[in-house]
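Right, one structure below, let's go through it.
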Amino acid sequence: MNELSIIFGKMGIDTLSVLEAAGTKWNFLPFRPGLVGGHCIGVDPYYLTYKAEELGYHSQVILSGRRINDSMGKYVAENCVKNLIAIEKPVKNAKVAILGFTFKENCPDTRNSKVFDIVEELREYGIEPVIADPQADKEEAKRLYGVTLSNLSDVKDMDAVILAVAHSDFGSLTVKDMDGFFGKETRLLLDIKGMMDRKEYEKAGYRYWRL
């Protein structure tokens, strides 16, 4: 699904629109693109492929899938930078907030969170993001990643906001709530899981991007 999202992005097609159309077929499985981390799905395939290698078989499909999924943090960060350039914001020292740091929604677990891949890639561009996650274990985030999580109230005057994890807390945010995270200029929202209503945000003057 992540590879399809990359292809659709190249084509200028909205992935969620394609999935909604495909969902009109009764037996369609509604998978969505996103960050694939955690200590199960993001790790266990490598145990299987390691054993396969021991037995003389080189897995291709499994490793290709992992390679795509492991690259999605970098892909999101690159699209953040491209969109900052598009709205004529200087990339270096741009004010970017990341909402969500856990490996999946509605849990405190940050182990093998692919959100950190976004953080590392943004740092390569000279951006030190503000990271806020009301559900994450702050001590664990500090211990595992050296990351100090901020409060949502600290997210102000941003050039861009990356909605990285689909916590129910974030799903209840209104456009007015989101406005409070930004300055007065063009607002850039990267909604990785497509939580928000794209048309509503674009009507409100946002530059909106999602996988």
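In segment 70-82, the count of residues that are at pLDDT below 95 and in a helix (DSSP H, G or I) is one or more. Taking segment 1-22, which residues are in contact with a Pro (Cβ under 8 Å, 6 or more places away or on another chain) and not in a helix (DSSP H, G or I)? Of everything in segment 1-22, just one residue is in contact with a Pro (Cβ under 8 Å, 6 or more places away or on another chain) and not in a helix (DSSP H, G or I), namely Met1. Looking at segment 136-172 only, could you name the residues that are part of a loop (DSSP other than H, G, I, E, B) and crowded, with 18+ Cβ neighbours inside 10 Å? Of everything in segment 136-172, those that are part of a loop (DSSP other than H, G, I, E, B) and crowded, with 18+ Cβ neighbours inside 10 Å turn out to be Ala136, Asp137, Val147, Leu149, Val155, Asp159, Ala164, Val165, Ala166, His167. May I ask you to say which residue of Gly194, Gly171 is out of contact with any Cys (no Cβ under 9 Å at 6 or more places or on another chain) and on the phi > 0 side of the Ramachandran plot? Residue meeting the stated conditions: Gly194.
Answer yes or no as to whether Lys89 is over 27 Å from Tyr145 (Cα atoms), part of a loop (DSSP other than H, G, I, E, B) and either at pLDDT below 95 or in contact with a strand residue (DSSP E or B) (Cβ under 8 Å, 6 or more places away or on another chain) (or both).
Values: over 27 Å from Tyr145 (Cα atoms): yes; part of a loop (DSSP other than H, G, I, E, B): yes; either at pLDDT below 95 or in contact with a strand residue (DSSP E or B) (Cβ under 8 Å, 6 or more places away or on another chain) (or both): yes.
Yes: the conditions hold for Lys89.
Here Phe181 meets the list (1) more than 17 Å from Ser113 (Cβ to Cβ); (2) surrounded by 16 or more Cβ atoms within 10 Å (Cβ to Cβ); (3) under 17 Å from the mean Cα position of the chain (by Cα) almost entirely, failing just condition (3). Checked across segment 1-12, the condition of being hydroxyl-bearing (Ser, Thr, Tyr) and surrounded by fewer than 16 Cβ atoms within 10 Å (Cβ to Cβ) holds for no residue.
Any residue that is in a helix (DSSP H, G or I), in contact (Cβ under 8 Å) with a residue 12 or more places away in the chain and farther than 20 Å from Lys89 by Cβ - is there at least one of those in segment 124-135? The answer is no; no qualifying residue exists. On the basis of being at pLDDT 95 or above, more than 22 Å from Gly194 (Cα to Cα), among the aromatic types (Phe, Trp, Tyr) and surrounded by fewer than 17 Cβ atoms within 10 Å (Cβ to Cβ), does Tyr57 make the cut? Yes: the conditions hold for Tyr57. Among the residues of segment 64-89, those that are under 16 Å from Arg187 (Cβ atoms), among the hydrophobic types (A, V, I, L, M, F, W, C) and either buried (at least 19 other Cβ atoms within 10 Å of the Cβ) or touching a residue at least 12 places away in the same chain (Cβ under 8 Å) (or both) comprise Cys80, Leu84, Ala86, Ile87.
In a residue-by-residue description of segment 23-43, the property of being outside any loop (DSSP other than H, G, I, E, B), within 18 Å of the chain's Cα centre (by Cα) and in contact (Cβ under 8 Å) with a residue 60 or more places away in the chain applies to no position.
The values are calculated or read from the model by the stated rules, or taken from the named source; none is laboratory data. These numbers were taken from a predicted model, which means no experiment stands behind them. So basically every Cβ, Gly included, is an ideal-geometry build from the backbone, and we count neighbours across all protein chains shown.
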